[in-house]
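Structure first, then comments.
The values are calculated or read from the model by the stated rules, or taken from the named source; none is laboratory data. All figures in this text were calculated on a predicted structure; none of them were measured in a lab. Positions of Cβ are backbone-derived with ideal geometry, glycine not excepted, and every protein chain shown enters the neighbour counts.
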Amino acid sequence: MKEGIQLPTIVVVGDQSSGKSSVLESLAGINLPRGQGICTRVPLVMRLQHHPSLTSELFLEFNGKIVHTDEARVADAINVATDEIAGDGGHIKHSINSGCEKKGVPDLTMIDLPGITRVPVHGQPADIYEQIAGIIMEYIRPEESIILNVLSATVDFPTCESIRMSQQVDKTGERTLAVVTKSDKAPEGLLEKVTADDVNIGLGYVCVRNRIGDESYEDAREEEAKLFRNHPLLSRIGKSMVGIPVLAQKLTQIQATIIARCLPDIVRKINEKLNASISELNRMPKTLSSPAEVMTAFMGIVGSAKESLRKILIRGEFDEYLDDHHMHCTARFVEMLNRYSTELHNCPESDPRRNFLMEEINVLEESIGIELPNPSSHCLPEYSAEKS
Ligand code: GDP
Ligand code: MG
């Protein structure tokens, strides 16, 4: 992916508090940061993998490090990681990767995205909508992405921001699947809503009931099954459209289909990149056998290093090091000077109570008035601006 090859992924989108994190929790059977208000501020890539052993393995990967954790602490660990990479209030497009190997989870890789909000609340920046919409668009635009649109049964689907956004990139809905959460809260008319399909969901709807409060995941699944079996209205919805197990099965199937569809193209792109790298390698000087060849190669290296330094230091062009701020010397010059000035003021020698260089200053002051005979300005070396 770092080489710019898109891999198929399932991207979870939805309005604020529609239940995105809850759906992921239900699929993984682990606690994620969840609740009213802003929880998910950083994309969270979750790789679930079934593992026969009874103890689960969980880790987070962010900012170039790997943190091992467990089911009891994973929600806190995600919050800590979020604060670390996005600060206190911001939203960021760099993701946290998480892996979860656990008995019975579906083999799925999904991305939880921040929820869409229109109105900034406590301390959020004024352009919060644009920030989040930008992140979401970046993840759902690639043709390889499957959009898992999380809709709360309590709202009118056509008014959902997440529907509006997914329709922008997937008009016919052929790569959009809808999960309807909170079925328990608004059972009236739900069957009609999912069968009318006013909003073009190509891959269909799955209605679920997530864990409520402190329920265990096992209890939650049992309550969900009971709800869709016994409720007078909800029991009329087709069995292939209800429950987390159905959702897990559909997603695994969809994932297999897109991987199969995209694989030939991915292999082709990898081969193209590989061929480009091989021909670049072939253009490089081969073995160097004589001192003259070594010298030529060495001068070539020195030459390109010199050209790099010219670009960075003189012309202020950073295209070779776009993301490496340490290389943006000229642009950071004022910053560096300010830091230098602060350091200078804070160093012990700047303490006025100390007699640093006082002797030397005294000698200089005593010598004022004693002048060399006939001092003329052109004896001094001339400094042009460039030399200085
Ligand atoms: P997100 O902002 O989209 O990630 O939403 P969350 O997963 O944090 O859920 C928001 C709130 O809705 C939480 O308080 C959840 O407990 C609640 N919730 C989510 N799914 C359901 C559901 O199926 N039934 C009920 N009753 N509450 C739910
Ligand atoms: Mg969330």
* To do: Determine, yes or no, whether Ala292 is surrounded by 10 or more Cβ atoms within 10 Å (Cβ to Cβ) and either farther than 24 Å from Glu3 by Cβ or in the same structural domain as His94 (by TED's automatic domain parsing) (or both).
  => no
* Asked: Where in the stretch 146-247 are there helices (runs of 4 or more DSSP H), lying fully within it, with 3 or more residues that are touching a Phe, Trp or Tyr at 6+ places or on another chain (Cβ under 9 Å) and more than 16 Å from ligand 2 (Cβ to nearest atom)?
  -> 190-196
* So, in the stretch 147-172, of the ones that are over 14 Å from Leu113 (Cβ atoms) and of a type in the set (S, T, N, Q), which residue ends up farthest from the chain's Cα centre (by Cα)? -> Thr154
* To do: With the condition kept exactly as written, say whether any residue in the stretch 244-252 is in contact with a Gly (Cβ under 8 Å, 6 or more places away or on another chain), surrounded by 12 or more Cβ atoms within 10 Å (Cβ to Cβ) and within 30 Å of Gly104 (Cβ to Cβ).
  => yes
* Has the stretch 210-230 got at least one residue that is among the small types (Gly, Ala, Ser), touching a Ser or Thr at 6+ places or on another chain (Cβ under 8 Å) and in contact (Cβ under 8 Å) with a residue 40 or more places away in the chain? -> yes
* Asked: Considering the stretch 59-85 alone, what residues qualify as being under 12 Å from Ser95 (Cα atoms) and either buried (at least 18 other Cβ atoms within 10 Å of the Cβ) or of a type in the set (Gly, Ala, Ser) (or both)?
  -> Leu60, Phe62, Gly64, Ile78, Ala81, Thr82
